[in-house]
Structure formats: C-alpha cells, structure tokens
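Q: Mind having a look at this structure? Questions to follow.
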Amino acid sequence: MENRKGTALHISKHPAQNFAIFYFLFSIFLFSAGCGAPGDPVPPSPPVPAAIKDLAAHQAGDGVELSFTLPLNSISGEKLPSPPAVEILRGGVKPDGSADLKSFRVVYTIPGALVENYRADGRVRFTDPIAPEETKSRPGGAVAYVIRTRASQKRASANSNVVSLRVFPVPAPVASVEARVTESAVELTWPAPSGTSAGEPASTIADYRIYRSEIHPQAPSGSAQDLPPGKPEKHAALFASSETNGYRDTSVVFDHTYVYIVRSVIQVEGNEVESSDSQPVTVTPRDTFPPAAPQGVVAALLPGSAPGTVLVDLSWSINLETDLAGYRVYRSEQEGTRGQLITSDLLPTPAVRDTSVVPGHRYWYTVTAVDREGNESAPGARVVVDVTQPSP
C-alpha cells in the first residue's frame, strides 16, 4: 500500500502495539474535541439562608410569642430572591436548665409566601399556642425554641440561637370591652376575669394593659401610602395601663378608627404575666357634639344711618371651642318661636346689627353657635327688643 506520494505506509504486524497506538491517538482526539466546548448545563445550587441570631421569646397568654429578624441573604452573602419559609421547633429543657436538643420537633411552618402576614415593626412575630391544660398540669414548666429557614426543600439554614422560658397559668381573657364615645374621650370598660383560662381560681389582677392600633383610611390611588382600606397601620402596641377595669383615651381624633385590646396582668414568682387578648373593639369617634350655647347676649337700639331709621345692635360672649365655625342669629315677632335667620351666612364674630327692624314692633332674638361639623348649639338666652319711633 502506498500513500499519495508513493511512499509505502508501514503497518505493524503486532496487534497489541497497533491497539496502543490507536488508543493513544483516540485519546488525543477526544481531548482536542472537548477542549473549549461547553459541557452539559449544571443547575445552580439552591441558596441556603443565613442563620437567625436574634430569636426572642416571652409568654403571651396561653402561648409563647416568638420574634426574630428574617434573613435577607444566603450564607454566601447573596440576596435571597424571595422570603424563605420558617420552621419553628419546640423542645424540652434538661434538669440543669439547658435545652434538650434531641427533643426539638417542628410545631409549625410558615410558608415563605405568608411570612409578610406575621411581620410587624421590622420583625416576624409568631405565637405558639400552648393548651391551658398543659400549663395547668405543669405550672412554671420550661420550654425551649429554635427556628430555621429554608429557601428550598433540599437544605435548611442552620438553627437559630436557642431560647427557653417558663410558662405559667394565666387569667382567662377579658370577656368583652365596651366603648363609649364622649366629646373629649373614648371611655373603655370591661369585666374583671374571675378565673384562669383552665378554669381554676385566678390570682389577684395586678393591673390591665390596653393595646391600641389605628386602621388606615382609604388612601388616594397611587399614593405612596396606598394601603388596603381596613388594614391596621401597625401591630397593636401597648398604649396605656390601668389599675381598674376602665380607661379614658383622651388622645383620639374624630373620624379616625381605632382598635383596642385589653389584657390582664398577674405577678407570678416575681414575673409579670399577661392574659391572652380580649376580643378587639373597633371605634370610630364622630363629632356629634354641639358647641355650648352663647352666653351674655345683649341688645341695644341705635339710630340708623338714614334719618328716621333705627337698628338693633346685638353682641354676646365669644365661644371657646377650637372647632367653632360661627354663629346664627334668629328673630321672631312671636314669643316662644325661633323665627327666621337675619343673615344667611354664619357670623364669624360675636356681634351683628339688624337694620331691617320696623318701629312699633317687638322682636325676640336668639343666638346659636355652630362648629365645623355643622353641629348647632342650643339657643342662648332670648332677648326682647321693643323698637320705638326714633326721636326727631
């Protein structure tokens, strides 16, 4: 056999040697073909959220409220594409007070899509309910918690810091809260609980705590604060405390909507423990309260600007209401009736002159005050004027 130039191509007669040469050349071919060519696509590893380090816990009625900051980044420092799911684990405590790590079990999972529903004041808050019967059988028993998060089913974050606390029986929730709107306050009252949530006699109530939140009104479309109507602006915050079963909230603003919750407080082994929430009561105070009736109304008969005419000059003490809009003055020629307005517009000052009187007639005048909501006061004391013919 010859090549194209006529030189003979030498073929070895040893098969093993031929196979080695063939394998060597085939390996070089594969290496050359694969060099620089893309391989099969490798799916990216799912992110693993950074561990939570600020888990805190306290007893909240028949449960334990946990709060923590949700991680925003993965362990590699990359921003998580969406909120991770949250797994809450509860366990026991050893006799020496340390957490029994082998006893921890997942008691609740918050899907990532629902985490925002539990966020308040920049932290996630979740209350793990504990049956009153369990607290009754082990008063002061200790529980421990850890939390972990996961952005995928393959791998969860490391556990958070461990928190433990003792849980005590608490008074039954306040049965109901009544709200009454007055001109200067919202007055709250409620019955004192007589037993624990498990039905046993309750300890003496130390005081009551009032929590308040405000419902955001309908914002204009496209506003930076465009929240759904009826959604509370923020988590109900501790607003006040009371040693009695009543409280007057004097800081309310008319036409704003408030939600109140009341909890009772007891002292247990030097610890303050709150009951669970009462049923919330929602109040929207309206200004239906008229101003006070004008006082000190006086009338004087004076000569008019034209010869042979007279006028009645009326004046009274100024009202002190901050929402006062003005005054109305009524005139009647029959005693006991209000009569007609002498001006169609509200009077901004406590004085007016009636130039339409007729000599020889008797007139009864009454004055009322009106606020910006249109609430009109009762009439002030009536004054009567006998209009006489002016002297030449």
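Q: Counting only heavy atoms of the protein chains, get the accessible area per residue of region 293-392 (1.4 Å probe) and round it to a whole Å² value.
A: Result: 57 Å² of accessible area for each residue.
Q: Moving on. When only C-alpha pairs under 8 Å and at least 6 residues apart count, what is the relative contact order of region 238-329, in percent?
A: 20 percent
Q: Here is a further query. Give me the number: length gained by fully extending Thr244 to Gln267, i.e. 0.36 nm times residue separation minus the C-alpha to C-alpha distance, one decimal in nm. All intermediate terms of the calculation are to be shown ahead of the outcome.
A: Numbers: separation 23, 0.36 × 23 = 8.28 nm, distance 1.61 nm.
Gain on extension, Thr244 to Gln267, equals 6.7 nm.
Q: Label points 7 Å out from Cα along the Cβ direction at Arg138 and Ala113: separation in nm?
A: 3.6 nm
Q: Please work out how much accessible surface His58 shows to a 1.4 Å probe, ignoring ligands, DNA and RNA, in Å² rounded to 10.
A: 90 Å²
Q: Given points 7 Å out from each Cα along the Cα-Cβ axis, report the Ile75 to Leu346 separation in nanometres with one decimal.
A: 6.8 nm
Q: Which value, in Å² rounded to 10, gives the accessible area of Leu72 with a 1.4 Å probe and all protein chains present?
A: About 100 Å², ignoring ligands and nucleic acids.
Q: Would region 78-200 count as rounded, prolate or oblate if I go by the C-alpha gyration tensor, calling it rounded below 1.5 in a/c and otherwise prolate when a/b exceeds b/c, oblate otherwise?
A: Working: a/c = 3.18, a/b = 1.37, b/c = 2.32.
Judged from the Cα gyration tensor, region 78-200 comes out oblate (a/c at least 1.5, b/c at or above a/b).
Q: I need the calculated FRET efficiency for the pair Glu335 and Asn375, taking r as the beta carbon distance and R₀ as 22 Å, to the nearest 0.05. Provide the component values of the computation, followed by the final result.
A: Details: r = 27 Å, r/R0 = 1.21.
E between Glu335 and Asn375, to the nearest 0.05, is 0.25.
Q: Something else now. Relative contact order of region 117-195, please, whole-number percent, based on alpha carbon pairs below 8 angstrom and at least 6 residues apart.
A: Details: 85 pairs, mean separation 17.3, N = 79.
Result for region 117-195 is 22 percent.
Q: How many Å² of accessible area per residue for region 65-185, probe 1.4 Å? Intermediate results must be reported in sequence, preceding the final value.
A: Details: 6480 Å² over 121 residues.
I get 54 Å² per residue for region 65-185.
Q: Also, quick follow-up: So what is the relative contact order of region 260-392, in percent, for Cα pairs below 8 Å that sit 6 or more residues apart?
A: Details: 279 pairs, mean separation 35.4, N = 133.
Relative contact order for region 260-392 comes out at 27 percent.
Q: Just the accessible area for Trp364, please: 1.4 Å probe, Å², rounded to the nearest 10?
A: Here the residue's solvent-accessible area equals roughly 40 Å².
Q: What list of ³J(HN,Hα) values in whole Hz, one per residue of region 178-193 in order, does the Karplus curve 6.51 cos²θ - 1.76 cosθ + 1.60 (θ = phi - 60°) give from phi, with Gly and Pro shown as x?
A: Karplus-based 3J(HN,Hα) across region 178-193 equals 9, 10, 10, 8, 10, 5, 10, 6, 9, 9, 9, 9, 7, x, 6, x Hz.
The values are calculated or read from the model by the stated rules, or taken from the named source; none is laboratory data. Keep in mind that what you see is a predicted model, and the values were worked out from it rather than measured. As a convention, Cβ positions derive from the backbone with ideal geometry for all residues, glycine included, and neighbour counts pool all protein chains shown. The protein model used for the area step is the full one, side chains on, heavy atoms only, and it has no ligands, DNA or RNA in it. Shrake-Rupley method; radii C 1.70, N 1.55, O 1.52, S 1.80 Å.
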